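All remarks here apply to the structure that follows.
No value in this document is a laboratory result; all are computed from the given coordinates. On a predicted model such as this, the values are computed, not experimentally measured, just so you know. For neighbour counting, all protein chains shown are included, and Cβ atoms are generated from backbone atoms with ideal geometry for every residue, glycine included.
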């Protein structure tokens with residue numbers, strides 16, 4: 001894993017890129033395009049640039065320059081950042097946590113209790129990186145992540161609140177996409193930081209995100225209902241950006257319909273197609289997304305495990 005520098009100098013310099021994207025109807029709340037693998041609109045995190053700034057998700061270890069650029073654009077002093085929220089420990093979302101913790105020296109890092117060891121234990125983080133690189137088929141698929149000091153971390157299970165001078169964030173357990181996923185809602189604005197718990201959002205459509213090894217349909221559907229009960233105003237996705245203001249409940253309800261349909265479609269295709277590649281080719285244009293192969297593989301694993309329980 002990457003060694004921590006002896007000083008507090010960030011590992012890379014902020015460069016040119018997309019401006020922070022205002023989240024509609026949510027003052028001081030912005031989506032940040034990470035230009036993951038050089039591609040616009042592939043991955044977003046969020047910066048709440050209020051009296052006590054908050055970063056929601058860190059991006060990959062090699063894309064944290066985008067968050068630092070957004071801080072500079074919005075006049076946010078990294079030393080003033082109060083909290084870094086790591087919604088889940090998939091390395092496209094959490095790989096930059098160590099780097100950002102170093103860049104924001106007074107911020108506490110909030111992570112689900114089931115994901116905490118993968119940020120704080122060097123051996124577990126190394127194994128996570130190895131498995132991620134293997135699944136992605138490339139070395140350093142999301143950069144080389146740094147360990148986060150355990151003393152900087154706050155464990156989240158759901159039900160906690162983060163009380164800030166200008167807002168309150170409420171944490172909600174949100175398994176399904178991953179067992180170590182939580183969501184957070186900003187009660188001041190109604191922004192729901194669901195990230196991957198409620199799918200992905202492209203061209204006004206909500207689509208599945210179902211990666212291996214731990215996608216669980218029943219848990220994800222329960223999470224969607226739990227999130228609907230929060231009465232959010234706008235849904236903030238990790239892939240990509242905010243949804244439509246005032247349409248969060250409709251988007252969540254749509255995901256509750258789309259997700260089982262997607263699983264059933266893949267299940268039906270297994271009879272005549274072998275493996276994720278063949279099934280992906282037979283799925284049709286509707287289901288093609290930047291992570292479609294990975295997501296088909298996640299559903300196939302889920303179906304095999306479900307059959308093993310019966």
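Length available on full extension from residue 282 to residue 305: 0.36 nm per residue minus the Cα-Cα distance, which gives 6.0 nm. Between residue 151 and residue 124, the contour length at 0.36 nm per residue exceeds the alpha carbon distance by 8.0 nm. Evaluate the relative contact order of the range 153-304 (contact order divided by residue number), counting alpha-carbon pairs under 8 angstrom at least 6 apart; express in whole percent. Averaging sequence separation for qualifying contacts and normalising by length gives 22 percent for the range 153-304. Between residue 106 and residue 140, the contour length at 0.36 nm per residue exceeds the alpha carbon distance by 9.4 nm.
Distance from the alpha carbon centroid of the range 75-98 to that of the range 231-310 works out to 27 angstrom. Against the chain, whose longest principal axis comes from its Cα atoms, helix 217-228 is set at around 50 degrees. Equivalent ellipsoid of the chain: semi-axes from √(5λ) of the C-alpha gyration tensor, largest first, are 30, 22, 18 Å. Annotation: the residues 67, 185, sorted from fewest to most other C-beta atoms within 10 Å of their own C-beta, follow the order 185, 67. Helical runs (DSSP H, four residues minimum) scored at -39500 (n - 2.57) apiece and divided by the length of the chain put the mean residue ellipticity at 222 nm at -10000 deg cm²/dmol. Along its first, second and third principal axes, ordered by size, the range 235-310 spans 41, 28, 17 Å in Cα coordinates.
What relative contact order, as a whole-number percentage, does the chain give when Cα pairs under 8 Å and 6 or more residues apart are counted? Numbers along the way, then the final one.
Working: 665 pairs, mean separation 44.0, N = 310.
RCO, the chain: 14 percent.
Normalised by the number of residues in the range 23-119, the mean separation of alpha-carbon contacts (under 8 Å, six or more apart) gives a relative contact order of 23 percent. When each of the peptides 118-126, 265-273 is scored by how many other beta carbons lie within 10 Å of its residues on average, the order from highest to lowest is 118-126, 265-273.
By average Cβ neighbour count within 10 Å, what is the ranking of 244-250, 50-56 from highest down?
Working: 244-250: 16.6, 50-56: 22.3.
Result, highest mean first: 50-56, 244-250.
Once the Cα atoms of helix 248-269 and of the chain are each reduced to a long axis, what angle between those two axes, in degrees from 0 to 90 to the nearest 10, is obtained? Value to nearest ten degrees: 40. Estimated from the Cβ-Cβ distance and a Förster radius of 30 angstrom, the FRET efficiency linking residue 37 and residue 225 is about 0.35. With R₀ set to 45 Å, the beta-carbon distance separating residue 133 from residue 51 gives a calculated FRET efficiency near 0.70.
Arranged by the count of other C-beta atoms within 10 angstrom, fewest first, what order do 214, 131, 44, 194 take? All intermediate terms of the calculation are to be shown ahead of the outcome.
Details: 214 21, 131 13, 44 27, 194 32.
With the sparsest Cβ surroundings first, the list reads 131, 214, 44, 194.
Helix 292-309 and the longest principal axis of the Cα set of the chain meet at an angle near 60°. Looking at the chain alone, DSSP beta bridges between its own residues are antiparallel in about 65 percent of cases.
Counting only Cα atoms, the size of the range 77-192 along its three principal axes is 42, 33, 21 Å, in decreasing order.
Structure remark: mean-square fluctuation, Gaussian network model of the chain, C-alpha springs under 10 Å; the largest value among 163, 106, 57 belongs to 163.
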